Every structure is written in structure tokens, then in C-alpha cells.
1. Based solely on its DSSP helices, what 222 nm [θ] is calculated for the chain when runs of n ≥ 4 H residues each add -39,500 (n - 2.57) and the sum is averaged over all residues, nearest 500 deg cm²/dmol?
2. Can you give the local net charge around Thr227? Use residues other than it whose beta-carbon is closer than 11 angstrom to its beta-carbon, Lys and Arg +1, Asp and Glu -1.
3. When a footprinting reagent is the concern and you count Cβ atoms within 10 Å, what order do Thr139, Thr271, Thr251, Thr88 take, fewest first?
4. Using only Cα atoms, find the angle between the long axis of helix 141-154 and the longest principal axis of the chain, and express it within 0 to 90 degrees, rounded to the nearest 10.
5. Using just the C-alpha positions of the chain as equal point scatterers, what log10 of I(q)/I(0) does the Debye formula give at each q in 0.08 1/Å?
6. Under 8 Å for C-alpha pairs, at least 6 residues apart: give me the relative contact order for the chain, rounded to a whole percent.
7. Angle, helix 174-186 long axis vs. longest principal axis of the chain, Cα atoms, 0 to 90°, nearest 10?
8. At a 10 Å Cβ-Cβ cut-off, how would you order Leu58, Leu144, fewest neighbours first?
Amino acid sequence: MSMVTLATAPAAGAATAMPLKGNTPVKISARDANVYYGDKHALKHVELDIRRNEVTALIGPSGCGKSTFLRCLNRMNDVIENCRVTGTITLDGEDIYARELDVVVLRARVGMVFQKPNPFPKTIFDNVAYGPRIHGMATNRRELEEVVQTSLERAGLWKEVKDRLKDAGTGLSGGQQQRLCIARAIAVSPEVILMDEPCSALDPIATARIEELIDELRQNYTIVIVTHSMQQAARVSQRTAFFHLGELVETGDTPQIFTSPKDQRTQGYITGRFG
Ligand SMILES: Nc1ncnc2c1ncn2[C@@H]1O[C@H](COP(=O)(O)OP(=O)(O)O)[C@@H](O)[C@H]1O
Ligand SMILES: [Mg+2]
């Protein structure tokens with residue numbers, strides 16, 4: 001495993017977003033991405049570059065297509081009946097919709113964390129060991145234990161659970177369960193982590209802990225987060241994309257989007273005139 005230990009620099013808890021670095025390489029690129037649910041054109045001609053080691057926030061009113069776009073990035077829309085995706089989405093320049101592409105491998109490279117923490121009805125250990133086991137990533141027990149520990153450490157949960165790895169994952173608090181789900185996602189060494197409103201079921205303290213964690217994870221992963229909280233987008237992301245009625249209206253570095261949006265619709269949303 002080529003995992004690097006997380007730097008232990010103090011996390012920027014309530015800090016505002018860091019300024020953008022110059023030309024961070026593009027990790028994921030969407031060109032003329034469209035999604036249809038039956039006849040409904042839910043996502044329209046989206047063009048977006050997601051840069052490596054940055055947090056990109058997807059914001060916009062409910063129903064504007066944030067989750068739909070997020071699901072394009074690891075082909076989770078494939079599992080929705082009647083859903084059709086067109087256009088080009090690349091990961092490191094490779095078309096992820098190419099016929100020969102192995103979707104299981106793609107979803108290991110582009111992991112996902114959902115709105116409601118969804119640990120498996122298994123022990124804490126087995127939740128994290130699940131991915132490495134099915135992907136054959138550990139050749140013996142010792143290696144598996146190592147992956148589980150490293151993943152829990154990176155998810156900021158190790159200290160809280162190291163003496164109760166055999167307890168049920170579902171017995172943890174909501175915030176701990178969400179960190180367990182992040183550990184589970186990390187365990188297969190993804191390159192990108194997609195998060196769909198990961199804090200919306202959490203209290204403010206658990207939310208702050210996850211936001212801190214996102215800022216730490218950025219050093220090793222590319223993160224795309226859907227959030228309905230503009231404060232959260234401003235706190236955790238370097239880049240923000242504003243969606244409205246299925247269109248990507250505007251994208252830019254986060255401070256710019258929140259202080260001087262170019263489009264009236266963005267302006268309207270961030271000042272609370274609609275949404
Ligand atoms: N499985 C589905 N079947 C049909 N329509 C859907 C489905 N999922 C989402 N939609 C529609 O697509 C649009 C975008 O939805 P969604 O991506 O969930 O928005 P958001 O995450 O921004 O709230 C909405 O009009 C929604 O009703
Ligand atoms: Mg959504």
C-alpha cells in the first residue's frame with residue numbers, strides 16, 4: 001500500500017478557505033455532460049474541471065442537479081433505471097464511460113460518502129476491511145489490520161474506536177458513523193472522494209469535525225462535496241460551482257464566487273433571494 005501518513009499540522013477548524021494555488025493539475029474533467037431521466041433533461045451541457053488536491057463544492061437550490069452531476073463522476077447514475085448520461089467525463093484524461101472501463105475499479109478510484117451515514121451491519125473493523133477484502137488488497141491479517149488502522153487514523157476516528165473494533169459500526173454516534181464511512185471509502189486508496197451533503201444529518205460539533213477532516217484529506221485526495229450550506233462551501237472548498245435548473249451557471253475560486261459572482265443567478269442564490 002502506498003499510503004502516506006497524514007501530516008499532523010493543526011487542522012483549520014473554522015478557518016476560511018485557502019487561496020487557490022496557481023495551476024493545479026486537472027483530475028476530473030466534464031465536457032458537455034448531460035443527464036436525462038427518461039425525457040427529463042436534468043443536467044445540461046456541463047463543462048467543469050476538478051483539480052487535484054482541492055475541495056470543489058457544488059452548490060445550488062434543491063433539485064438543480066448537484067447529486068446528479070456528482071453521480072456522473074463514478075457512474076453511480078448507471079444503477080438508476082431510465083437514466084442516460086451523454087458527453088465526456090475523464091479521470092486523469094481517461095474516459096470513464098469507455099466501454100472497456102471496469103466500473104468496480106472506477107468506484108474504488110472515485111469513492112463516495114453519502115448524506116446519511118450508512119455503515120454496514122458489521123463490526124467497525126469489518127466495515128473498514130470490507131473494500132480491501134473484496135479488492136484483494138491485503139494478503140494477510142497483519143496487512144489488513146494495517147489498512148484498517150491507517151484508514152481509521154486518516155478519518156480521525158482511530159483514537160475513539162481502537163479498543164472497540166469488534167463493536168457494531170451502527171452503535172457509533174452519527175458523526176462517528178460518518179467518519180467510519182469516510183474510513184471505509186479511504187481504505188481502498190481512492191484518488192477522489194465524492195461527498196453528497198455529508199453533514200446534513202449531523203449536529204454542529206460533528207459537522208465541524210468532518211469539515212476539519214475534509215481540509216486534512218485534501219492533501220492526499222481530490223474532494224468534491226455537495227452542500228446546501230453556503231457557509232460550509234466557503235469554509236471547506238477552494239473552488240465552487242453553482243448549479244441552477246440543471247445548468248452549471250458559474251464556477252470559480254470560492255472567495256470570488258462568494259464575494260463577486262459574475263452571474264445574477266449566483267448573486268441571487270448567495271444573497272438568499274432564492275433557494
Ligand atoms: N432517479 C431519478 N428519476 C427521475 N428524476 C430524478 C431522479 N433523480 C433526480 N431527478 C430529478 O433530477 C433533477 C436534479 O435532481 P438532483 O440531482 O437530485 O438535485 P440536487 O441534488 O441538486 O437537489 C431534479 O428535478 C430531480 O427531480
Ligand atoms: Mg442532492
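All of the numbers you see were taken from the coordinates with simple rules; none came from a lab. On a predicted model such as this, the values are computed, not experimentally measured, just so you know. Note that each Cβ is placed from the backbone with ideal geometry, even for glycine, and that neighbours are counted across all protein chains shown.
1. Values: 10 runs with 90 residues, N = 275.
So the helix-based figure for the chain works out to -9000 deg cm²/dmol.
2. Values: positive: Lys66, Arg235; negative: Asp196, Glu197, Glu211.
Spelling it out: positives minus negatives among the neighbours equals -1.
3. Placing the least packed residue first, the sequence is Thr139, Thr271, Thr88, Thr251.
4. Helix 141-154 and the main axis of the chain meet at about 40 degrees.
5. Taking Cα atoms of the chain as identical point scatterers yields -0.32.
6. Details: 528 pairs, mean separation 79.4, N = 275.
In percent, rounded to a whole number, it is 29.
7. Helix 174-186 sits at roughly 90 degrees to that axis.
8. Details: Leu58 29, Leu144 18.
So the ranking, lowest neighbour count to highest, is Leu144, Leu58.
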